[in-house]
């Protein structure tokens, strides 16, 4: 179900790119924006692990330094038939975790000092299974493609905005007051629509990682318990996170409220826990 939803959303995002590109900048402008966005996001995709680990001052840990985290990750990697990921610890009291790396051969998992103190071994296993689920489900690749298309749409809107300011643009399609108003509306609304679809894709992948993690660790209620603890504790001790990387964490490190919920990269915690509870008693409907 989550995979189907992701495919539908990706198709919708692609259709939006074609429609907006044709209306605002034509085929040539759309191709230019897409190429530029692709180059930027390809660099991010290829070096995302190094960039984000350095951003949060994560240090690589040995088995002697973090025996529980290391052991849990190794056991899960064996169950999932993937190479042993590198293990990192983030120096923060806020409980959270994320995985990064463009594929299972280049994967890394990172956990904060706070999460290691808060969770039991079973709960930590559920969290790490969720994170490795992101890796095996190729969510970083999916997220990069979605970000590329969304960025291209935003670039097209900016190109059209500057073209209107300097008197250029596709006048043949925007003649008269009605055409100008429609163009302005598209310039404003298209990037918002792209961002909303991109966030919806991210939320869908969170549900899928929850399902994968619960299946691999064999204990959906352990992951549900961990999520409940993390939600409460992370709001009490927030992580100083960059909004651009908030989607990577198992729970949203940003404070909730207002429009933040609309553009949230994470589904409501209550719904995630409810799905895991249903999974504990049978497959998710």
* Mind checking the full-extension length gain between residue 120 and residue 158? Use 0.36 nm per residue of separation minus the Cα-Cα distance, one decimal, nm. => 8.8 nm
* Hey, rough spin-label estimate for residue 47 and residue 4, points 7 angstrom out along Cα→Cβ, what's it come to in nanometres? -> 4.1 nm
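Starting with the fewest neighbours, write out 123, 27 ranked by other beta-carbon atoms found within 10 Å of each beta-carbon.
The order, fewest Cβ neighbours first, is 27, 123.
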* Contour minus Cα-Cα distance for residue 232 and residue 79 (0.36 nm per residue) -> 52.1 nm
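Multiply the residue separation of residue 64 and residue 141 by 0.36 nm, subtract the distance between their alpha-carbon atoms, and state the gained length in nm to one decimal. Write down the numbers at each step before the final one.
Working: separation 77, 0.36 × 77 = 27.72 nm, distance 3.25 nm.
Full extension from residue 64 to residue 141 adds 24.5 nm.
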* For the stretch 2-280, alpha-carbon Rg and Dmax in angstrom -> 20.7, 71
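Bear in mind these aren't lab numbers, they're just calculated from the coordinates by the rules spelled out. Treat the numbers as computed from the prediction; the structure is a model and nothing was measured. All Cβ positions, glycine included, derive from the backbone under ideal geometry; neighbour counts span all protein chains shown.
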